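The values are calculated or read from the model by the stated rules, or taken from the named source; none is laboratory data. Model, not experiment: these values are computed from the prediction. Here the Cβ positions follow ideal geometry from the backbone for every residue, glycine too, while neighbour counts run over all protein chains shown.
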Amino acid sequence: MTVETKGTTDLGDLLLSRALITPEELEEARDSAGLRGRSMSRVLVEMGLVTETAAVLVLAQQMGLDFIDLGEASLDSSAVALVPEAVARRYLCIAVSIDDDGKLVVAMADPGNVVAVDDIRAITKNDVRTVLATKADILGAMNRFYRLEGAAESLVEEAAAAKDSEEKELEEAVSAAGAQDAPIIKLVNLLITQAVNDRASDIHIEPEEKSLRVRYRVDGVLHEVMNPPKSVQAGIASRLKIMAEINIAERRIPQDGRIGLVVGGKQIDLRVATLPTVHGEKIVMRILDKSSVLLKLQDLAFSPGNFKRYEESFTKPYGAILVTGP
């Protein structure tokens with residue numbers, strides 16, 4: 001279902017005009033957004049003043065964009081397949097269809113991201129028309145249409161269903177020999193493999209009051225990729241601690257460890273750090289691809305002319321070589 005909207009005034013004023021919030025709540029939300037450096041829509045949702053759907057609907061009106069309910073909409077699988085899974089996760093978007101003008105309709109949580117739109121246009125060789133959707137709906141659609149994400153969802157369900165025992169029994173299960181088929185172990189392996197394939201530099205596993213948040217850092221920006229239920233938190237933490245050879249029973253102090261493994265034929269080194277929080281242990285893993293740090297100059301895609309100039313400049317005993325990039 002697509003809802004057509006027209007651009008108008010400030011988001012807070014729109015919500016106020018619809019009697020969705022009070023003037024006092026609007027003032028409080030604006031103060032909070034300014035102090036925390038977050039968008040008004042996100043702050044309003046976090047404060048519980050409006051639902052995510054209501055906020056995005058009004059945001060669509062503010063931006064003059066259409067809103068799409070991905071829970072009800074019928075997605076064209078051939079259109080979905082035009083945007084690679086890694087790109088969809090990176091920009092939190094999903095292709096919906098190709099409209100009558102031949103444009104690829106892409107549902108986004110942040111349609112103002114011109115870099116994302118340009119990348120999708122270049123990759124798909126299609127003009128792009130963006131529509132707004134909620135973050136939850138986009139993640140849900142990706143779970144349904146992308147194989148890897150769907151596999152993770154299935155494993156999360158298995159792991160959550162298996163978590164009827166006490167936490168101690170769960171820890172023993174994930175550390176038992178021959179337990180490679182355990183859902184938690186498969187889920188952790190999938191999280192790591194997916195991060196490496198997406199060229200992420202870090203994996204953040206962050207406990208919240210009622211759920212977990214998994215984020216990858218790609219090109220310096222954190223992207224949310226999954227929200228597993230709270231019930232799998234202990235199993236994921238225990239499995240990673242076992243792999244990193246750190247104290248599985250210690251939850252009160254920060255710990256550091258290291259995991260060495262092979263993913264897709266690449267030697268990967270994971271630096272693991274745990275940090276106690278009010279909702280459980282936060283885990284951050286830095287991904288180091290050993291093969292990527294051993295490149296020779298000939299492997300850096302220099303043109304012959306630039307390679308010769310670089311070699312000549314590098315051997316001079318004076319001057320400076322500036323390496324710049326995005």
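Just name the residue that is surrounded by the fewest Cβ atoms within 10 Å (Cβ to Cβ) out of those in the stretch 178-198 that are more than 12 Å from the chain's Cα centre (by Cα) and under 18 Å from Lys290 (Cα atoms). Result: Asn197. From the set of residues in the stretch 1-29 that are exposed (fewer than 13 other Cβ atoms within 10 Å of the Cβ) and of a type in the set (A, V, I, L, M), which is modelled with the highest pLDDT? Applying the filter and picking the extreme gives Ala19.
The residues of the stretch 266-289 that are more than 17 Å from Val218 (Cβ to Cβ), of a type in the set (Val, Ile, Thr) and assigned to a strand (DSSP E or B), listed by number, are Val272, Thr274, Thr277, Ile283.
If I filter the stretch 235-247 for residues that are among the aliphatic types (A, V, I, L, M), farther than 19 Å from Ile287 by Cβ and over 18 Å from the mean Cα position of the chain (by Cα), do I get at least one hit? No, there is no match, as no residue in the stretch 235-247 is among the aliphatic types (A, V, I, L, M), farther than 19 Å from Ile287 by Cβ and over 18 Å from the mean Cα position of the chain (by Cα). Kindly indicate the residue of the stretch 255-276 that is over 12 Å from Leu288 (Cα atoms) and in contact (Cβ under 8 Å) with a residue 24 or more places away in the chain and also surrounded by the most Cβ atoms within 10 Å (Cβ to Cβ) among those meeting that condition. Among those residues, the one meeting the criterion is Thr274. Can you tell me which residue is surrounded by the most Cβ atoms within 10 Å (Cβ to Cβ) among those in the stretch 200-233 that are at pLDDT below 90 and over 22 Å from Asn143 (Cα atoms)? The qualifying residue surrounded by the most Cβ atoms within 10 Å (Cβ to Cβ) is Asp219.
Could we say that Arg36 is at pLDDT below 75 and within 25 Å of Leu139 (Cβ to Cβ) here? Spelling it out, Arg36 is indeed at pLDDT below 75 and within 25 Å of Leu139 (Cβ to Cβ). Scanning the stretch 99-119 for residues that are under 20 Å from the mean Cα position of the chain (by Cα) and more than 24 Å from Asn227 (Cβ to Cβ), we see that the one that is surrounded by the fewest Cβ atoms within 10 Å (Cβ to Cβ) is Val114.
In the stretch 242-252 there is no residue matching the filter, namely being surrounded by fewer than 17 Cβ atoms within 10 Å (Cβ to Cβ), in contact (Cβ under 8 Å) with a residue 12 or more places away in the chain, charged (D, E, K, R) and not in a loop (DSSP other than H, G, I, E, B).
Quick grid of which residues meet (1) modelled with pLDDT of 85 or more; (2) aromatic (Phe, Trp, Tyr); (3) under 37 Å from the mean Cα position of the chain (by Cα):
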position: Lys290; (1), (2), (3): no, no, yes
position: Val293; (1), (2), (3): no, no, yes
position: Gln298; (1), (2), (3): no, no, yes
position: Pro304; (1), (2), (3): no, no, no
position: Ala320; (1), (2), (3): yes, no, no
position: Pro326; (1), (2), (3): no, no, yes
